[in-house]
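Visitor: Following this message is one structure expressed as structure tokens.
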Amino acid sequence: MQRRAQREQGVPPTPSGQRGRNRRNQRAKRLTRVLVGAGAVSVMLAVAGCSSDSGSDSKDTASSASASPSASPSPTVRAAAYKTLPESCSALSKKTLEDLAPKAKAGKEGTSDDVSTRASCSWSSLDNNGVKGSQFRWLNVSLLRFESDVTRGAGDELAKEYYDKQVRDARSAEGARNIEAEPLAGTGDEATAVRYELKKKEGTFKQQTVVARVENVVVTLDYNGAGLAGDTTPSADDLMKDAKEAAKEAVAAVTEANGQGGGTASGSPSKSASKAPSGSASASPSKSPSGSSSKSPTKAASKAAAKTVAKASGKS
């Protein structure tokens, strides 16, 4: 039928083999288009995947970088203001020594393994009046300097702690009677004057202790007086007045030794009042003193008085 129709229409008949080849060509073209389309989709997916992975890697890297902790800064503490101490036996002027310990020949320097952080000097005076008795005076100056330390704190704060301890010790001296304490202005950054009486077999001793702090240095001045062998007991008011002046002079010696002031006491408030650091501590801070550089004023004065009593008795 088909051939007949073709013949009638003037179309030459298509051989059956030719039809088969045409159908195969059409299927091949369709398959090619499918493969090309699939390949394009694969390429697009691969590109999208790479882009997605790249963004993920960047985010992960940024996240890791932001999560990484920064290096911790090295601990610091403000440097101590004062780096040295004056010579302990030269902390008081010759005139002051003549007034407070007129019969003292020379000061006795205390033992110390480092005089830049710990120093002391004492003077013992006996004014022998023969059968009328004797006047005894004992004077001691103790200097302690505290260096800043990253583990313990700033030097002036450590000095403040020691200053408070010295005041407490002076106010709680064993055997003390009629204890009085008062703040003292114009002597370093802070100062306290303590007075009391001590009854000993040699006589009644009038003890005056002035504790002062200037920056990272603590000055403790002990002044002890007694009338021995029946002589009149000295006036506590007079002794305290002399002790205050001597303490002020010792504080001025500390500031002068560090090139801050020409023999005048510090009038500015201590840096310990501010918590803001002003510098780093020394790389190798010296060991801060933690104890007194001199013996107890009570025991030392009593021992010195016993010796002077023996001398006075021999000369009477």
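The values are calculated or read from the model by the stated rules, or taken from the named source; none is laboratory data. Predicted, not measured: the structure shown is a model, and the values here were computed from it. Neighbour counts are summed over all protein chains in view; Cβ atoms, including those assigned to glycine, are modelled from backbone coordinates with ideal geometry. With ligands, DNA and RNA removed, areas are computed over all heavy atoms of the protein, side chains included. Shrake-Rupley method; radii C 1.70, N 1.55, O 1.52, S 1.80 Å.
Visitor: Bin width 10 Å, origin at 0, all Cα-Cα pairs of segment 161-232: what percent of pairs per bin?
Guide: 20, 46, 24, 9, 1
Visitor: Now a separate question. Label 7 Å along Cα→Cβ of D99; segment 234-254 residues with amide nitrogen under 17 Å?
Guide: 235-253
Visitor: With a 1.4 Å probe and every protein chain left in place, work out the accessible area per residue of segment 197-260 in Å², rounded to a whole number.
Guide: Value returned for segment 197-260: 33 Å² of accessible area per residue.
Visitor: Here is a further query. For the ranges 242-248, 145-151, 165-171, 102-108, what's the packing order if you count other beta-carbon atoms within 10 Å of each residue, average per peptide, and put the highest first?
Guide: Listed from highest to lowest mean packing, they are 242-248, 145-151, 165-171, 102-108.
Visitor: Continuing with this model, one more query. On the accessible surface of segment 183-263, probed at 1.4 Å, how many percent belong to carbon and sulfur atoms?
Guide: Working: 1180 of 2720 Å².
Reported share for carbon and sulfur atoms: 43 percent.
Visitor: With a sphere of radius 12 Å drawn around the Cβ of V251, what net charge do the other residues whose Cβ falls strictly inside it have (Lys, Arg +1; Asp, Glu -1)?
Guide: Once positives and negatives cancel, what remains is -3.
Visitor: Mind giving me the nanometre distance, one decimal, between the label points for K201 and D164, set 7 Å out from Cα along Cα→Cβ?
Guide: 4.0
Visitor: In Å, what Kirkwood hydrodynamic radius results for segment 94-244 from the alpha-carbon pair distances?
Guide: 16.4
Visitor: E109 to V131: extension gain in nm, 0.36 nm per residue of separation minus the Cα-Cα distance?
Guide: Numbers: separation 22, 0.36 × 22 = 7.92 nm, distance 3.25 nm.
My answer for the length gained is 4.7 nm.
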